[in-house]
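Reviewing the structure listed below.
The values are calculated or read from the model by the stated rules, or taken from the named source; none is laboratory data. Please read all numbers here as calculations on a predicted model, not as lab measurements. Cβ atoms come from the backbone with ideal geometry, glycine included; neighbour counts cover every protein chain shown. Quick note on the areas: whole protein, heavy atoms, side chains included, nothing else; ligands and nucleic acids left out. Shrake-Rupley method; radii C 1.70, N 1.55, O 1.52, S 1.80 Å.
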Amino acid sequence: MDEAERRVWARLPAGTRAALGGLTPAELRTLLLGVARDRAAAVRPADVVRRWRADRFTRPAAASGAP
């Protein structure tokens with residue numbers, strides 16, 4: 001386990017790793033999709049623009065041009 005992973009686990013309540021480890025792959029995926037959906041819903045357009053300007057890994061997607 002690297003340092004970044006240790007920091008994340010240290011922030012979570014005791015037993016979290018075991019609880020997540022006991023989920024089926026489908027259950028874990030469902031849980032993670034829900035977390036991602038909730039986080040995305042909390043992001044304002046201004047946050048996206050700010051991130052785009054400050055984070056070299058955040059770029060707008062190319063438009064497909066399809067109707």
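For this structure, a couple of remarks:
- Check on Thr30, open to solvent by less than 90 Å² (accessible area, probe 1.4 Å) and either touching a helix residue (DSSP H, G or I) at 6+ places or on another chain (Cβ under 6 Å) or among the polar types (S, T, N, Q) (or both): no
- Within this structure, Ala26 passes the test of being more than 27 Å from Thr58 (Cβ to Cβ) and not β-branched (Val, Ile, Thr).
- Selection of the stretch 1-17 for residues being open to solvent by 80 Å² or more (accessible area, probe 1.4 Å) and more than 19 Å from the chain's Cα centre (by Cα) yields Met1, Ala14.
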